[in-house]
Amino acid sequence: SNYPWIAPGPNDLRSPCPGLNTLANHGFLPRDGRNITVSMIVEAGFKAYHIQAEFLIRAGKVGMLTSHEAETLSLDDLKLHGTLEHDASLSREDFALGDNLHFNEEVFSTLANANPDSDYYDVTSAGQAQHARLADSIQRNPNVTNTIFQSLSRSSESASYLSVMGDPIQGVAPKRFVQIFFREERLPIEEGWKRPSVPSNVTSIGILAEQIAKVSEWQPTGDNCPAIVLAP
Ligand code: HEM
Ligand code: MG
């Protein structure tokens, strides 16, 4: 293909987001992970995942807050805790407990082992995994932050992996694809994945996120001050 997967080198930057890292690993975004604009994210996300612009513009603009530059970010800027990066991630440790940037197999085991007896993840298993990850953070992390904004973000992220690795309408995705996406930050093309023929957008992701959130039985933690970190 024109966009071969190549593992990042020692000077390439990556983010806490498997979606963006996969785009960089295939060259839809700059492989060095630097000098990335919202427009580049919009083009890459459409080409690789069939995600329509509005969703990528929203996330991309908030993401820009994590950068010192006016119009670009480097992927590792996005690890700034409390802007988009949050606790109880599916594949990264909480900020207060260690490395909130790199993939962590132990953290990921909750999602990896979700929906036993099926080859697929769906909105139910996604909500259950979110519930379990938050319960773990509340138990182990005295500094856990868990606001309504972060809850909405987490459900949108779960909706995103179901959409880009599977069906953006049904919210069903093969486990094998999702696991390769998280673990290797690779499009599982050799395993049979294809770019979804149906686009994802703010509406479709919102519909799935709402179903996922319902299953997750989310409750705020602490004073739930909805502060967002506006700059590094
Ligand atoms: C996290 C998917 C675009 C920033 C995540 C997660 C998924 C995901 C599944 C959850 C990771 C986890 O819980 O361990 C995607 C997909 C995208 C996309 C498929 C399509 C291109 C973006 C954009 C931005 C962004 C445009 C901002 C520029 C982040 C950040 C996190 C994240 C900062 C870390 C949140 C956390 O878990 O603490 N993304 N994302 N993502 N995403 Fe994305
Ligand atoms: Mg996180």
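Since every read-out is calculated from the coordinates, none of them should be taken as a lab result. Treat the numbers as computed from the prediction; the structure is a model and nothing was measured. When we count neighbours, we look across all protein chains shown, and the Cβ atoms used for this are built from the backbone with ideal geometry, even at glycine.
A few remarks follow.
- Net length available on complete extension from K61 to K47 is 3.1 nm, with 0.36 nm assigned per residue and the Cα-Cα distance removed.
- Packing-based ranking of 123-129, 203-209 yields 123-129, 203-209, ordered from highest to lowest mean Cβ neighbour count within 10 Å.
- Given their separation in residues at 0.36 nm each and the Cα-Cα distance between them, I169 and E69 gain 32.3 nm when the chain is fully extended.
- Averaging Cα coordinates gives a centre for the stretch 185-232 and one for the stretch 36-95; these two points are 13 Å apart.
- Report note on the peptides 73-84, 33-44: ranked by the mean count of other C-beta atoms within 10 Å, highest first, their order is 73-84, 33-44.
- Between T83 and V229, the built amide H atoms are under 5 Å apart, and every one of these is 5 or more places off in sequence or on another chain.
- Long-range amide H partners of S200 with built H, under 5 Å: I51, Q52
- The distance between label points at E190 and E54 comes to 3.9 nm (points 7 Å beyond Cα on the Cα→Cβ vector).
- Surrounding net charge for Y49, when Lys and Arg each add one and Asp and Glu each subtract one, Cβ distance under 12 Å: +2
- Contour excess over end-to-end distance, with Cα ends at V198 and K214 and 0.36 nm allotted per residue: 3.3 nm
- Pair I207, Y3: separation of 7 Å Cα→Cβ label points (nm): 2.4 nm
- Value of [θ]222 nm, deg cm²/dmol, for the chain, DSSP H segments ≥ 4, -39500 (n - 2.57) each, nearest 500: -13500 deg cm²/dmol
- Excluding same-chain neighbours fewer than eight residues apart, the aspartates and glutamates reachable from K79 by a Cα-Cα span under 14 Å are D87, E93, D94, D99.
- Each peptide in 51-63, 190-202, 156-168 was scored by the mean count of other Cβ atoms within 10 Å over its residues; highest first, the order is 156-168, 51-63, 190-202.
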